[in-house]
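Peer 1: Supplied in structure tokens, the structure appears directly below.
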Amino acid sequence: MKITVDEEKCCGAGQCVLLAPEVFDQRDEDGIVILLDAAPPTDQHDVVRESAGVCPAAAIVLSEDA
């Protein structure tokens, strides 16, 4: 799995951070997503998929190829 985030789309809701804090964080100044791990381990894949699914701005894009 490979993750990309579109910071321009991110609205700072923080659902991704709550679900997958090992993979996502937020900038202190504006809450915009920070990608901590673009290729997380297999045990994180389900929660990363859930994070992408609940993102209100659809700012998280997953590629299952990697």
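Peer 1: With respect to GLU29, determine if the residue is touching a helix residue (DSSP H, G or I) at 6+ places or on another chain (Cβ under 9 Å) and outside any strand (DSSP E or B).
Peer 2: No.
Peer 1: Right, another one. Regarding ALA13, is this residue outside any helix (DSSP H, G or I) and not polar (S, T, N, Q)?
Peer 2: So ALA13 passes the test.
Peer 1: Take the stretch 46-61 and flag every residue that is open to solvent by less than 70 Å² (accessible area, probe 1.4 Å), hydrophobic (A, V, I, L, M, F, W, C) and under 9 Å from the mean Cα position of the chain (by Cα).
Peer 2: Answer for the stretch 46-61, where residues must be open to solvent by less than 70 Å² (accessible area, probe 1.4 Å), hydrophobic (A, V, I, L, M, F, W, C) and under 9 Å from the mean Cα position of the chain (by Cα): VAL48, ALA52, CYS55, ALA59, ILE60.
Conditions tested, residue by residue: (1) in contact (Cβ under 8 Å) with a residue 40 or more places away in the chain; (2) aliphatic (A, V, I, L, M).
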position: VAL5; (1), (2): yes, yes
position: LYS9; (1), (2): yes, no
position: GLN15; (1), (2): yes, no
position: LEU18; (1), (2): no, yes
position: PRO21; (1), (2): no, no
position: ILE32; (1), (2): no, yes
position: LEU36; (1), (2): no, yes
position: ALA39; (1), (2): no, yes
position: ALA58; (1), (2): yes, yes
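Peer 1: Also, I was wondering about something else. Return yes when ASP46 is in a strand (DSSP E or B), among the acidic types (Asp, Glu) and at pLDDT 95 or above and no when it is not.
Peer 2: no
Peer 1: Something else: Report, by residue number, each residue of the stretch 18-45 that is of a type in the set (Val, Ile, Thr), touching a strand residue (DSSP E or B) at 6+ places or on another chain (Cβ under 9 Å) and open to solvent by 30 Å² or more (accessible area, probe 1.4 Å).
Peer 2: Matches in the stretch 18-45: ILE34 only.
The values are calculated or read from the model by the stated rules, or taken from the named source; none is laboratory data. Since this is a predicted model, take the numbers as computed values, not measurements. All Cβ positions, glycine included, derive from the backbone under ideal geometry; neighbour counts span all protein chains shown. Please note that ligands, DNA and RNA were not included when accessible areas were found on the heavy atoms of the full protein model with its side chains. Shrake-Rupley method; radii C 1.70, N 1.55, O 1.52, S 1.80 Å.
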